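*Asks:* Quick one: the structure is below, questions incoming.
The values are calculated or read from the model by the stated rules, or taken from the named source; none is laboratory data. Everything quoted here is computed from the prediction, not taken from an experiment. All Cβ positions, even for glycine, are placed from backbone atoms using ideal geometry, and neighbour counts span all protein chains on display. Accessible surface areas use protein heavy atoms only, side chains included; no ligands, DNA or RNA. Shrake-Rupley method; radii C 1.70, N 1.55, O 1.52, S 1.80 Å.
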Amino acid sequence: MTHPQPGAASPCPEIDRPVEASEVLVEGKTRAAVVGRWNLAGRRAVVTGASRGIGRAIVEVLGAHGATVLAVARGAEELQKGLLAWEHTGYAVHGVAADITVPEGREHVWAAADRLLGGLDILINNVGTNRRRPVLEYTAEEFEFLLNTNLTAAFEMSREAHPRLRRSGRGSIVQVGSVAGLTAIRTGVPYGLAKAALVQLTRALAADWAADGIRVNLVAPWFIRTTLTEPLLADETLLAEVERRTPLGRVGEPQEVADVVAFLCTDAASYLTGQTIAVDGGFLARGF
């Protein structure tokens, strides 16, 4: 081991003044530049199913990270309540009530997005619903309804968003799927089928649209505490089983999904596309 000679300059000289954030380098970039990759300032986002649960949390987290958001929901009254709450937070959130399972509803959304946002960088396909019953008890109409809501709406919204996201040059689509699309759980066959197809849609769009500067990813939640799951989780036997089967030992919260969604929209995730990320407390990782 060698030691510096007396009077030689130290290889790590002491800094006798405060270091500015812009001076600190991380892989050749300033600290401010690195931190900036984690925010969404200046981004414009459309979020469907935005009035409650995971969708509402996504609106709030995107807004907190600096995005301007168009919140889309079928129910005007519930959406208005959200808009009033978001107004007090200072988030830049607009709202439009529309049924995106029909062409007229989607046209209404895009007209509002073009007018209020002036462009598009982010699309969050969160809208979805379920009807749980044995597979032999579904009617043809129910099957069509569940596929249209959980799959076709996301397919059409993505296609219609494409030219807007391509113009952005840094477009990001995040689908909100489910672990039901990755493994069989007691949540209804049509729902699981639709969510599995959404995983493949994510892969296909990611491959097709990468050259257009559009990334496409999916988050797959397990049981998340929302108004839709509250009636199920009120069953203490079911809740105990869910907690037992989840390595982290608890039900998830909407913000825990929203945080992953927001990450996927940032430049920090710029090399991620075509991926499915399970937000499930380890549920899928546990075997026997």
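*Asks:* Sorted by packing (mean other beta-carbon atoms within 10 Å per residue), highest first, where do 183-193, 51-61 land?
*Replies:* 51-61, 183-193
*Asks:* Ok, one more. How far is helix 153-168 tilted off the main Cα axis of the chain, in degrees rounded to 10, range 0 to 90?
*Replies:* 30 degrees
*Asks:* Right, next: Could you tell me what fraction of 2.2 N^0.38 Å the Cα radius of gyration of the chain comes to, as a two-decimal ratio?
*Replies:* Compactness ratio reported: 1.17.
*Asks:* How many percent of DSSP beta bridges within the chain run antiparallel, rounded to 5?
*Replies:* The antiparallel proportion sits near 5 percent.
*Asks:* Sum -39500 (n - 2.57) across every DSSP H segment of at least 4 residues in the chain, then divide by the residue count to get the 222 nm mean residue ellipticity, nearest 500.
*Replies:* -12500 deg cm²/dmol
*Asks:* Per residue, how large is the accessible surface of segment 221-268? Use a 1.4 angstrom probe and give square angstrom.
*Replies:* That works out to 51 Å² per residue.
*Asks:* On to the next question. Tabulate in residue order the Karplus-calculated ³J(HN,Hα) for segment 194-201, using 6.51 cos²θ - 1.76 cosθ + 1.60 with θ = phi - 60°, rounded to whole Hz; enter x for Gly and Pro.
*Replies:* Using θ = phi - 60°, the values come out as 5, 5, 5, 5, 5, 4, 5, 4 Hz.
*Asks:* What number comes out for accessible area per residue over segment 98-142 if the probe is 1.4 Å? Units Å², please.
*Replies:* Each residue of segment 98-142 exposes 51 Å² on average to a 1.4 Å probe.
*Asks:* Okay, moving on. Would you please give the FRET efficiency between residue 32 and residue 131, computed as 1/(1 + (r/R0)^6) with r the Cβ-Cβ distance and R0 = 45 Å, to the nearest 0.05?
*Replies:* Once the sixth-power term is evaluated, E becomes 0.35.
*Asks:* Also, quick follow-up: Let me see the pair-distance distribution of segment 136-266: every alpha carbon pair, 10 Å bin width, integer percents in order.
*Replies:* Answer for segment 136-266: a P(r) of 11, 35, 34, 16, 3, 0 percent.
*Asks:* From the C-alpha coordinates alone, can you work out the Kirkwood hydrodynamic radius of segment 164-216, in Å?
*Replies:* 12.0 Å
*Asks:* How compact is segment 207-268 by the rule of thumb for globular proteins, expressed as Cα Rg over 2.2 N^0.38 Å?
*Replies:* 1.51
*Asks:* In addition: Over the Cα atoms of segment 17-149, what radius of gyration and what Dmax do you get, in Å?
*Replies:* 19.4, 73
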